[in-house]
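For reference, the structure is listed below as structure tokens.
The values are calculated or read from the model by the stated rules, or taken from the named source; none is laboratory data. What you see is a predicted model; the values in this text were computed from it and never measured. Here the Cβ positions follow ideal geometry from the backbone for every residue, glycine too, while neighbour counts run over all protein chains shown.
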Amino acid sequence: MRIERKIVLSDMFNLILIFLIGSFAIQNLNLMLTKFRFIEIADDLNVAFLEMRLSEKNYFLYHDENALLEIQSDIESTMKIMNSVKNDIVRAIDIKQYNTLGSYLKSYAGVVGQIMKHKARDKKSEWSLRAEGKKLKEYSDRITREERIHISEIIYKSKQILFYSFFAILLIAAMVNRVVSKMILRSIKEIENMAKSISSGNFKKIKTSPPKDELGSIIHAINAMSDELKNREEELIQSKKLASIGILIAGVAHEINNPLNNISMVAQTYMDLYEKLTKEQRIEFMEKVEIQTERIKTIVNNLLDFAKPKEPTLIMTDMSTLIRQTLKLVQNMLEISNIETELDLAQNLPLVYVDVHQMQQVLVNIIVNAIQAMSTHGILSINTRFSKKDNIVETDIKDTGKGIPVEFLPHLFDPFFSTKDEGGTGLGLWVSYGIIKKHDGSIKVESSPGSGTVFTIQLPILSKKGAANE
Amino acid sequence: MSKRIMIIDDEKIVCEMAKISLEEDSYEVETFLNGTSALERLEQRKFDVVVTDLKMKGIDGLQVLKTVKENYPDTKVIMITAFANLDIAIEAIKGDVFDFFPKPVKIKELKASIQKALSE
């Protein structure tokens, strides 16, 4: 769900709650107003009934002839009032009570009519009028009292309900907000994690099916970017390859021209001085030619190795073991140069898929470089470790040699680049770089003059498929 | 008195073959495998012609040429290189190189060039 929708939904929920409580309050208020209106009317009626009762007294006790007329006129006006505000009364009390009150008033009016007709003042008439009057007044008082109680109840109930619903709203709003903000924060957190992962160099596509929210949009964007980066990377690799070919051609020209020139010069001298040369000298000259052709052969073989690599035979290998085996190959060189080895090889490393022969070639290249950089009495340190975070096995090969000037570092893996005074073909690290790349790994170098050099080889775990596809 | 020729090349065979061939023509020849030792020697003795390789570790042929032209203007410099690169040739000629030979070098042509340099 999109963040915007989450917020809108949460707001809607809160609004509905507020609306419900507001409606309830308004409804209660209306009910109370109706009841109050009734109480107002009832009070007027009660006053009129009281006056009627007083007139009864005047008629029977003080023989006031006009008293019955007053009662009649009061009854008439009361009936008018009751008719005119019938709706207001019926809304507050039910129609049954209204009718009862009306019938009591009518029967009272009937008794008054009878007494007036006969001008009766006997006890029976007095008792009957008094009884009807009392019944009417008491009934009116009773419904008035009941409605007052009713109003109190409504006020009390409203107060309670408003009080509790206020806290309920607060609680629910807080909970809904918490849930919604958690959902939003979770999305933002995931976005943040992705951003961190990208900034730490992970440009791979995100495989999980993207949710339909902002996170999903970002995953789509990242995947599009990843594709674009991959295209760019391929272009870059292609252009680097072209640049490498340029360097390669220049290097080949120079590297092959030198032994060719040597052969040519030996041949020219041999021809010029043939008669003067002793037999031994002639053989010596031809040996020089042979050595130079070997030199050309080595260059050509190295080039072929790189240009037409054999399909690597990948087997599951423990790097620590492979390093121990490789060190045996260079043991003699290490002893001659009086170089100590310090090994810190991790036990139970996860296995990596490597072509043992090629990987040994890489290790030998780097170790021989290290030995040559240290000349004598140096320390060669090799350590292996597993990086759980990146799922790779790392190997550091460190020497205490003279180091490599900073300006040479970018060219270290270029073909025919050599910092050795003599005898370096400049192809060793170039070939090593190609081998490591074919294994889906990477090779880095850190060095500064005087403080030695560290080569770090990183190989991914279980990358047989990746390496075989190269 | 025989003319003195200096050969500088990090390829040992070049030095050896040039020395044998030039000594046949009665030149006095000294060879050096790098620019540094050659320049040190130049401070001690005067040479008539310096034949130097262009691309060498440390002090290269262009630096040798520059030093020679600054300090020993009478000495002629002949450049040889395995880099048959026109740009570098132009750069070398700008620096007043007497002659320029791409490898493989024809010894006869080199001898002719040395002779020409000495007769100027």
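Surrounded by fewer than 17 Cβ atoms within 10 Å (Cβ to Cβ), over 26 Å from residue A:414 (Cα atoms), out of contact with any helix residue (DSSP H, G or I) (no Cβ under 9 Å at 6 or more places or on another chain) and not assigned by TED's automatic domain parsing to the domain that holds residue A:435 - does that describe any residue in the stretch A:298-314? There is no residue in the stretch A:298-314 that is surrounded by fewer than 17 Cβ atoms within 10 Å (Cβ to Cβ), over 26 Å from residue A:414 (Cα atoms), out of contact with any helix residue (DSSP H, G or I) (no Cβ under 9 Å at 6 or more places or on another chain) and not assigned by TED's automatic domain parsing to the domain that holds residue A:435.
Taken residue by residue, the stretch A:26-40 has no member that is farther than 27 Å from residue A:155 by Cβ, without any contact (Cβ under 8 Å) to a residue 24 or more places away in the chain and acidic (Asp, Glu).
Do you know which residues across the stretch A:127-151 are surrounded by 11 or more Cβ atoms within 10 Å (Cβ to Cβ) and under 12 Å from residue A:32 (Cα atoms)? Residues satisfying the conditions are A:147, A:148, A:150, A:151. When residues in the stretch B:17-33 are screened for being farther than 14 Å from residue B:115 by Cα, more than 10 Å from chain A (Cβ to nearest Cβ) and assigned to a loop (DSSP other than H, G, I, E, B), 0 of them pass. How many of the residues in the stretch B:36-58 are in a helix (DSSP H, G or I), farther than 11 Å from residue B:6 by Cα and out of contact with any Gly (no Cβ under 6 Å at 6 or more places or on another chain)? Counting residues in the stretch B:36-58 that are in a helix (DSSP H, G or I), farther than 11 Å from residue B:6 by Cα and out of contact with any Gly (no Cβ under 6 Å at 6 or more places or on another chain) gives 4. The residue of the stretch A:251-293 that is farthest from the other protein chains (Cβ to nearest Cβ), among those that are among the basic types (Lys, Arg) and under 23 Å from residue B:108 (Cβ atoms), is A:282. Here A:53, A:37 are screened, and the one residue that is of a type in the set (D, E, K, R) and under 20 Å from residue A:149 (Cβ atoms) is A:37. In the stretch B:35-60, the residue that is surrounded by the most Cβ atoms within 10 Å (Cβ to Cβ) out of those that are at pLDDT below 90 and of a type outside the set (Asp, Glu) is B:54. Looking across the stretch A:270-280, the residues that are of a type outside the set (Ser, Thr, Tyr) and either surrounded by 13 or more Cβ atoms within 10 Å (Cβ to Cβ) or not assigned by TED's automatic domain parsing to the domain that holds residue A:256 (or both) come down to A:272, A:273, A:277. Condition (residue is more than 30 Å from residue A:393 (Cβ to Cβ), more than 14 Å from every other protein chain (Cβ to nearest Cβ) and without any contact (Cβ under 8 Å) to a residue 24 or more places away in the chain) applied to the stretch A:322-345: is it met by at least one residue? Yes, some residue in the stretch A:322-345 is more than 30 Å from residue A:393 (Cβ to Cβ), more than 14 Å from every other protein chain (Cβ to nearest Cβ) and without any contact (Cβ under 8 Å) to a residue 24 or more places away in the chain. Residues that are free of Cβ contacts under 8 Å to residues at least 40 places away in the same chain and aliphatic (A, V, I, L, M) are absent from the stretch A:132-145. Quick check: anything in the stretch B:59-76 more than 11 Å from the chain's Cα centre (by Cα), farther than 18 Å from residue A:273 by Cβ, outside any strand (DSSP E or B) and within 14 Å of chain A (Cβ to nearest Cβ)? Within the stretch B:59-76 (the criterion being more than 11 Å from the chain's Cα centre (by Cα), farther than 18 Å from residue A:273 by Cβ, outside any strand (DSSP E or B) and within 14 Å of chain A (Cβ to nearest Cβ)), the answer is yes, since at least one residue qualifies. For residue A:376, the criteria (1) surrounded by fewer than 16 Cβ atoms within 10 Å (Cβ to Cβ); (2) modelled with pLDDT under 90; (3) in a helix (DSSP H, G or I) hold in every case but one, which is (3). Only one residue in A:59, A:98 is modelled with pLDDT of 90 or more and surrounded by 14 or more Cβ atoms within 10 Å (Cβ to Cβ), so which one is that? Exactly one residue qualifies, and that residue is A:98.
Applying the criterion of being within 14 Å of chain A (Cβ to nearest Cβ) and surrounded by fewer than 13 Cβ atoms within 10 Å (Cβ to Cβ) to the residues of the stretch B:85-105, the residue that is modelled with the highest pLDDT is B:87. Could you say whether any residue in the stretch A:435-451 is at positive phi and buried (at least 19 other Cβ atoms within 10 Å of the Cβ)? Yes; the residues of the stretch A:435-451 include at least one that is at positive phi and buried (at least 19 other Cβ atoms within 10 Å of the Cβ). When the stretch A:93-128 is filtered for residues that are out of contact with any Phe, Trp or Tyr (no Cβ under 9 Å at 6 or more places or on another chain), among the hydrophobic types (A, V, I, L, M, F, W, C) and in a helix (DSSP H, G or I), the ones remaining, listed by number, are A:95, A:109, A:111, A:112, A:116, A:127.
Somewhere in the stretch A:323-338, is a residue within 42 Å of the chain's Cα centre (by Cα) and over 26 Å from residue A:299 (Cβ atoms)? So far as the stretch A:323-338 goes, no, none of its residues is within 42 Å of the chain's Cα centre (by Cα) and over 26 Å from residue A:299 (Cβ atoms). State whether one or more residues within the stretch B:82-99 are among the basic types (Lys, Arg) and in contact with a strand residue (DSSP E or B) (Cβ under 9 Å, 6 or more places away or on another chain). No, the conditions are met nowhere in the stretch B:82-99.
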